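What follows is calculated from the coordinates using simple rules that are stated; it is not laboratory data. What you see is a predicted model, and the numbers here were worked out from it, not measured in a lab. Reconstructed Cβ throughout: ideal geometry from the backbone, glycine too, with neighbour counts over all protein chains shown.
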Amino acid sequence: MMALNPPTVSIRPYQPNDRHGCLAIFLSNVPAYFAPAEQPDFEAYLDQPPSNHVVVIRDNRLLACGGWYVHEGVGRLSWGMVMQTHHRASLGLVLLSWRLKQLFRLPNIDEVHLETSQHSAGFFKRCGFETVRTTPDGYGPGLHQVDMVLHREHWRHHAVDSIHTEAGSLDSLSESEIESLWFQEAAHRAAEMDQGLSKRIPAEEVRQEANALLKYR
């Protein structure tokens, strides 16, 4: 069988000439994921971005971007987004995994906060985040603001499901190993979905199948 070459995925710091590509990603997600009124704020952010804003490149195309920072001892995620045509291709997982790795490698960071809409909250919930509060129409009519948090311990244990590691082996892994494996798995999933070797399966379906198997062990 001929080997399939996986698409090249890389993450690098944002550069001024990425502005057009990042803005195109933003506009592709309006109005479903971002309100039109948020565009001036995002453009101002791109004009003076922090050093920890990155872009995700796949096959020489800028398809995702996002940032992270620390405020009052708490890790925070900012302006994370994926080109609308590439949703559900694991690029969001790659971007999230990378940013969490940067934050949780800091010894004083025990939790990461973010604000998102009800349309993206499910993705973050599957990655271990918990909802703190929901503000109806927080971003505009019909676009609610959902505040979420991920604790370091939840991040560590969620890695077990993400990298298909037996729970009993978690204690033998260092946090740096967990970080690396989570990111590798995210990139691996992205490659498989691009090649048509795997498909997105709802978490509840996976859970039901796993419970069925355990019942007969």
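Neighbouring Cβ atoms within 10 Å as the yardstick, rank Trp79, Trp68 fewest first. Before the final figure, lay out the partial values.
Values: Trp79 19, Trp68 23.
Fewest-to-most ranking of Trp79, Trp68: Trp79, Trp68.
How do Arg99, Arg12 line up, fewest other C-beta atoms within 10 Å first? Can you show the working numbers first?
Numbers: Arg99 25, Arg12 11.
Final ranking by Cβ density, sparse to dense: Arg12, Arg99.
Neighbour counts of other C-beta atoms within 10 Å: give me Thr8, Thr116 arranged from fewest to most.
Thr8, Thr116
Hand me the GluC sites (Glu not before Pro) from region 1-81 located in a DSSP loop with no more than 10 other Cβ atoms within 10 Å, in residue order please. Display every interim value, and only then the final one.
Details: sites: Glu38, Glu43, Glu72; in loops: Glu72.
Those that pass, being in a loop and sparsely packed, are Glu72.
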